[in-house]
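Working notes, structure below.
All of the numbers you see were taken from the coordinates with simple rules; none came from a lab. The structure presented is a predicted model; accordingly, all values stated were derived computationally and were not measured. Neighbour counts run over all protein chains shown; Cβ positions are idealised from the backbone, glycine included.
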Amino acid sequence: MRRPLALLAFMQSPGFVLRCPACEHVVMRIVETPDAIYLDTRGAACFRLKKRTSSSPSSSHPSGIFDPNGGKTRVSSPRRS
Amino acid sequence: MAKRFVSRGFTGKRREPEAADRLPPGQHITPSFPVLSAGPTPRVSLDEWTFTIEGLVREPITWSWEEFLSLPTQTYVADIHCVTKWSKLGTEWEGVSVDTLFEQVALDPKAGYVMAFCYGGYTTNLPLPDVVGGKAFVAYKYDGRPLAPEHGGPARLVVPHLYFWKSAKWVRGLRLLEEDQPGFWESMGYHNRGDPWKEERYRGD
């Protein structure tokens, strides 16, 4: 079983980009436009998104789908180097 | 001696009405130079840096850093507009016109589009007419100094009349194409061309 991998998150750009910390390849891209959300999961095998619970600190991200500071999102990604 | 090129609307004086006239819809002026990036900043040594024109050309051509610096340069003053809604007026760059680069290769008449490709893997697509006729250049100096890595150094493409994501940082070359292909952000819902005066931010705008 693969160990969950913390990802590099690049938020200061026209969209969110998550990269493998080892090889820096793109694992996931997210763009929100006025009428759609684009999700590119090219580098991910599966996702485990931890649910927010009443005891969890609130996420700073309004959508709650990704909180790079809270460290709640873990992605199993094929390691490339 | 470098020639000087001044982009649309630049007069060299800063009066508010003129600044307002130079601001596309939905934009605000920033005095800073925000750094946006979709990945880590590539650290490219000048000994290893190359710039290539390939694709629909008779013979691809690659310049080393030293060879690139020997090409005729121009100084450009341009307003730049980011799709995230900041604009910066009167930025000053030094670099090589894409026209000058294309003079070194024989373009196939079928070439209609350009894909800029970069160290770090970023890409952005442009119609050929948007990078010729003095509209685009490869910059290696900003404000009289070598272009900082966080702003795309050693060299970046600058296409000031389009949103700034088209001005690819860490550019490594241009690929001439017959058919258009979406680049890194264009494949994720951003507009294919990105004219700030038409607010072409997203697909369908």
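For region B:166-199, residues that are closer than 17 Å to B:GLN27 by Cα, of a type outside the set (A, V, I, L, M, F, W, C), more than 12 Å from chain A (Cβ to nearest Cβ) and more than 16 Å from the chain's Cα centre (by Cα) total 1. Residues of region A:31-58 that are within 14 Å of another protein chain (Cβ to nearest Cβ), part of a strand (DSSP E or B) and in contact (Cβ under 8 Å) with a residue 12 or more places away in the chain: A:VAL31, A:GLU32, A:TYR38, A:ASP40.
The single residue among B:ALA116, B:ALA111 that is of a type outside the set (Phe, Trp, Tyr), in contact with a Gly (Cβ under 8 Å, 6 or more places away or on another chain) and part of a loop (DSSP other than H, G, I, E, B) turns out to be B:ALA111. Consider region B:51-89 and keep the residues that are charged (D, E, K, R) and not in a strand (DSSP E or B). The one that is farthest from the other protein chains (Cβ to nearest Cβ) is B:ARG58.
The residues of region B:192-205 that are part of a loop (DSSP other than H, G, I, E, B) and free of Cβ contacts under 8 Å to residues at least 24 places away in the same chain, listed by number, are B:ARG203, B:GLY204, B:ASP205. Annotation: of all residues in region A:16-30 being crowded, with 21+ Cβ neighbours inside 10 Å and at the interface with chain B (Cβ under 7 Å from one of its Cβ atoms), the one that is nearest to B:TYR202 (Cα to Cα) is A:ARG29.
Reported count of residues in region A:1-15, each being more than 9 Å from chain B (Cβ to nearest Cβ) and assigned to a strand (DSSP E or B), is 2.
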